[in-house]
Amino acid sequence: NAGVTQTPKFQVLKTGQSMTLQCAQDMNHEYMSWYRQDPGMGLRLIHYSVGAGITDQGEVPNGYNVSRSTTEDFPLRLLSAAPSQTSVYFCASSLDSGGAQYFGPGTRLLVL
Amino acid sequence: GNSVTQMEGPVTLSEEAFLTINCTYTATGYPSLFWYVQYPGEGLQLLLKATKADDKGSNKGFEATYRKETTSFHLEKGSVQVSDSAVYFCALSDLSNAGKSTFGDGTTLTVKP
């Protein structure tokens, strides 16, 4: 199993550009989440999904959209990039509601 | 709501020293507790877990015991190595969390030879 994969590994955007961060998992996990990690602020939840077709907002959803058309994929879209979205983004999945999370390697995003 | 409070870092130890990283939690239900480790440039990896009170999770020489009476899950290792240098996150999750976890802010550990 590849586990949780994320692409790209690194991206530079200009303010106002849009892009999609890809996330896929091959473990048949129902639950998937997106986090951002910033220095001194730990991990903050952006959006999450409890299954295909079902998504909900986390604590910092503004400026981001998600969709979950299949169990495997959970892309994160930045609608109009801002410098405040410079961060490291992690996708994670879990088998059950109270279980451990499996993380991807992260996408490092720089918005100029 | 749920919350996790971790010992503030950074922590610097000499090789073979004893490690303790404190973690306390607040939860409305009966959560499972986790420690994750993040090496430089990588994502978080599950280090160990405990699913009920008095359970001890262990892996790679690290241990943590689920203490319901003190709402704690402190991470310990008897003899750290340089390769243990990383950021450690305490986290909890329960059935009401819809697959999400609540994380502490992380503790950076540096082990010097």
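The values are calculated or read from the model by the stated rules, or taken from the named source; none is laboratory data. This is a predicted model, so every value here is computed, not measured. Here Cβ is always computed from backbone atoms with ideal geometry, including for glycine, and neighbour counts include all displayed protein chains. Accessible surface is based on the protein model in full, side chains and every heavy atom, while ligands, DNA and RNA are left aside. Shrake-Rupley method; radii C 1.70, N 1.55, O 1.52, S 1.80 Å.
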Residues of segment A:61-78 satisfying the condition of being in contact with a strand residue (DSSP E or B) (Cβ under 6 Å, 6 or more places away or on another chain), within 15 Å of A:MET19 (Cβ to Cβ) and more than 14 Å from every other protein chain (Cβ to nearest Cβ)
A:TYR64, A:ASN65, A:PRO75, A:LEU76, A:ARG77, A:LEU78
What single numbered condition from (1) at positive phi; (2) in contact with a helix residue (DSSP H, G or I) (Cβ under 8 Å, 6 or more places away or on another chain) fails to hold for B:LYS60?
(2)
Could you identify the single residue in A:GLY51, A:GLY40, A:GLY58, A:GLY3 that is small (Gly, Ala, Ser), open to solvent by 70 Å² or more (accessible area, probe 1.4 Å) and within 13 Å of chain B (Cβ to nearest Cβ)?
A:GLY40
I need the full set of residues from segment B:1-13 which are closer than 22 Å to B:LYS60 by Cα and surrounded by fewer than 20 Cβ atoms within 10 Å (Cβ to Cβ), in order please.
B:MET7, B:GLY9, B:PRO10, B:VAL11, B:THR12, B:LEU13
Which condition breaks for B:SER85 when tested against (1) more than 18 Å from B:PRO40 (Cα to Cα); (2) free of Cβ contacts under 8 Å to residues at least 60 places away in the same chain; (3) under 16 Å from the mean Cα position of the chain (by Cα)?
(1)
Looking at segment B:49-68, I want the residues that are closer than 22 Å to B:ASP84 by Cβ and free of Cβ contacts under 8 Å to residues at least 12 places away in the same chain and have a partner that is open to solvent by less than 70 Å² (accessible area, probe 1.4 Å) and part of a loop (DSSP other than H, G, I, E, B) with Cβ atoms under 9 Å, at least 6 apart or on another chain. Which pairs are those?
B:LYS56/B:TYR66
Among the residues of segment A:94-112, which ones are open to solvent by less than 60 Å² (accessible area, probe 1.4 Å) and either more than 14 Å from chain B (Cβ to nearest Cβ) or over 18 Å from A:PRO8 (Cα atoms) (or both)?
A:SER94, A:SER97, A:GLY98, A:GLY99, A:ALA100, A:GLN101, A:LEU109, A:VAL111
Just give me the residues in segment B:78-113 being surrounded by 17 or more Cβ atoms within 10 Å (Cβ to Cβ) and in contact with a Lys or Arg (Cβ under 8 Å, 6 or more places away or on another chain), in sequence order.
B:ASP84, B:SER93
Of all residues in segment A:19-35 being touching a strand residue (DSSP E or B) at 6+ places or on another chain (Cβ under 6 Å) and open to solvent by 20 Å² or more (accessible area, probe 1.4 Å), the one that is farthest from A:ALA100 (Cα to Cα)
A:MET19
Just for strands (runs of 3 or more DSSP E) wholly inside segment B:46-113: which have at least 3 residues that are β-branched (Val, Ile, Thr) and within 14 Å of another protein chain (Cβ to nearest Cβ)?
none
When residues of segment B:14-54 are filtered for being farther than 22 Å from A:SER93 by Cα and crowded, with 17+ Cβ neighbours inside 10 Å, how many remain?
5
